[in-house]
Amino acid sequence: MKLRIPVTENIARLRLHNGTPSPATTDGQRAIWLLSLRDQQKKRAADSAALHALVAAVSDTLDALPAMVGQRLDGVAETAVELGLAVAREILGDALDSGAVDVTATVARCLRDCTHGSGATELSVHLHPDDLEIAQQKIAEFDELADRLTATRFVADARAARGVVRIETEAGRLKYDPRDVLQRISESVRRQVRA
């Protein structure tokens, strides 16, 4: 790079210096000033290049920022969903353990579903002993199931978890477990979050 400085004086008065000019003379001060112009120009060019590089880097970072924020939010969303599902599992487990879940509606729905395929064959409804008494008392209130209840046998099953309803007929088995339902819902929610 060549530094071109317009000269308004007679060139014959300019002297070239091999070393550092003496600052004691006016000509020496002027020569020092002229030499410093070149250094200032180099410094300004370097500063300008550094500033352009910084602006380009900031611009690239700002362009990438929405994608980075989106990835972080996706990670936060997955964590929040997993936390919510864990809380739902705890609430469901606590509700089942404390007997706050009434299986009567599930038993009634299962009896309705089994009616079509089993004909007059006997149904066995297997429930946890704590759920059995409540279900037997409340299921009698369903008038539309009165004829079905005559062919239904309720069985206390100590191996069954609270809230689980298992119905057995000659045609097969029907099982309802709230934990399985929550698991299917959880998988569906996870798929939606990942999509």
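The values are calculated or read from the model by the stated rules, or taken from the named source; none is laboratory data. None of these values were measured; they are calculated from a predicted model. Positions of Cβ are generated from backbone atoms using ideal geometry, with glycine treated the same way; all protein chains shown enter the neighbour counts.
Odds and ends about this structure:
- Index of the failed condition, L145 passing every other in (1) out of contact with any strand residue (DSSP E or B) (no Cβ under 8 Å at 6 or more places or on another chain); (2) touching a residue at least 12 places away in the same chain (Cβ under 8 Å); (3) closer than 17 Å to S98 by Cα: (3)
- Some residue of the stretch 58-80 being part of a helix (DSSP H, G or I), touching a Pro at 6+ places or on another chain (Cβ under 7 Å), closer than 30 Å to D180 by Cα and not β-branched (V, I, T): no
- Here Q29 fulfils each of the conditions (1) over 21 Å from the mean Cα position of the chain (by Cα); (2) in contact (Cβ under 8 Å) with a residue 12 or more places away in the chain; (3) in a helix (DSSP H, G or I) apart from (2).
- Checking each residue of the stretch 102-125 against the condition of being of a type outside the set (D, E), surrounded by 12 or more Cβ atoms within 10 Å (Cβ to Cβ) and over 23 Å from L174 (Cα atoms) gives no match.
- Scanning the stretch 133-162 for residues that are modelled with pLDDT under 90 and small (G, A, S) returns A135, A140, A146, A151, A158, A160, A161.
- Failed criterion for E170 (all others in (1) in contact (Cβ under 8 Å) with a residue 40 or more places away in the chain; (2) surrounded by fewer than 17 Cβ atoms within 10 Å (Cβ to Cβ); (3) under 30 Å from A77 (Cβ atoms) hold): (3)
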